[in-house]
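Undergrad: The structure under discussion is supplied below as structure tokens; questions concerning it will follow.
What follows draws every value from the coordinates through simple rules; no lab data is involved. Small disclaimer: the values here were computed from a predicted structure and weren't measured. Cβ coordinates were reconstructed from backbone atoms using ideal geometry, including for glycine residues, and neighbour counts include every protein chain displayed.
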Amino acid sequence: MSAALKRRFNIVVLPSPNSLEAEIDIVRTRVEQLASNLDLNAKLPEDEVIEKVCTVFRELRQGLTLDGKQKIKTTTNVLSTAEAISLLANSMALAGSFGDGEISDYDLAAGLQGAIVKEDSKDGQIWTEYLENIMKKRGSEWLNLYKECKELNKTGK
């Protein structure tokens, strides 16, 4: 976006929160507020769900796993805290309107796929590498999310 447009639209760029915990707190608070304001008919996401979204976003933003052991490629998309809030609020809306009222791994995978892989085909490759090299190896608590993400990524939805 040009400098002139940024001035006209009052674009403000805020830094990402310093820690995963701070980002989770911000996301949780804003999702709760949005759910209340929008009368979303779904349960609030569990802390583990919020942590997964924030973890994926932070790692892809920073180009490094949270434990600092593995470098990963960064995407061209911003993957901001605001985008994490939007992803979870949208997942709640879908779960409340079309699901059983709880955010499923499919809802989460669809949101992640949409946020991470937009227009740049390079981002699709980065997402595939992340799924196979990072998420797949995270253990049983990430397994269902990995499977849903992989399936959506395969079909290109």
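Undergrad: DSSP loop trypsin sites (Lys or Arg not before Pro) in the range 11-102 with at most 16 other Cβ atoms within 10 Å of their Cβ, which ones?
TA: Within the range 11-102, the qualifying trypsin sites (Lys or Arg not before Pro) (loop, at most 16 other Cβ atoms within 10 Å) are LYS43, LYS69, LYS73.
Undergrad: Based on DSSP H runs of at least 4 residues, each adding -39500 (n - 2.57), what is the mean residue ellipticity at 222 nm of the chain after dividing by all its residues, to the nearest 500 deg cm²/dmol?
TA: Theoretical 222 nm ellipticity from helices: -20500 deg cm²/dmol.
Undergrad: In which sequence would THR55, THR74, THR29, THR81 go, from the one with the fewest C-beta neighbours within 10 Å to the one with the most?
TA: THR29, THR74, THR55, THR81
Undergrad: Additional query: Taking the range 18-156 as the region of interest, what is the percent of Cα-Cα pairs per 10 angstrom bin, listed from the shortest bin to the one with the maximum distance?
TA: Per 10 Å bin, starting at 0, the Cα pair percentages come out as 12, 45, 35, 8, 0.
Undergrad: Quote the convex hull volume per residue of the range 32-71, based on C-alpha atoms, as a whole number of Å³.
TA: Spread over its residues, the Cα hull of the range 32-71 gives 76 Å³ apiece.
Undergrad: Which of GLU59, GLU151, GLU102, GLU141 comes first, and how do the rest follow, when ranked by fewest Cβ neighbours within 10 Å?
TA: GLU141, GLU151, GLU102, GLU59
Undergrad: Now for a separate question. When all alpha-carbon pairs of the range 1-97 are counted, what percent fall beyond 22 Å?
TA: 38
Undergrad: How long, wide and thick is the range 85-157, going by the Cα atoms along their three principal axes, in whole angstroms, largest first?
TA: Projected onto its principal axes, the Cα set of the range 85-157 covers 32, 31, 22 Å.
Undergrad: Related question: Structure shown: which of LYS73/LYS154; LYS69/LYS118; LYS69/LYS122; LYS43/LYS73; LYS43/LYS122; LYS43/LYS154 lie over 26 Å apart, alpha-carbon to alpha-carbon?
TA: LYS69/LYS118; LYS43/LYS73; LYS43/LYS122; LYS43/LYS154
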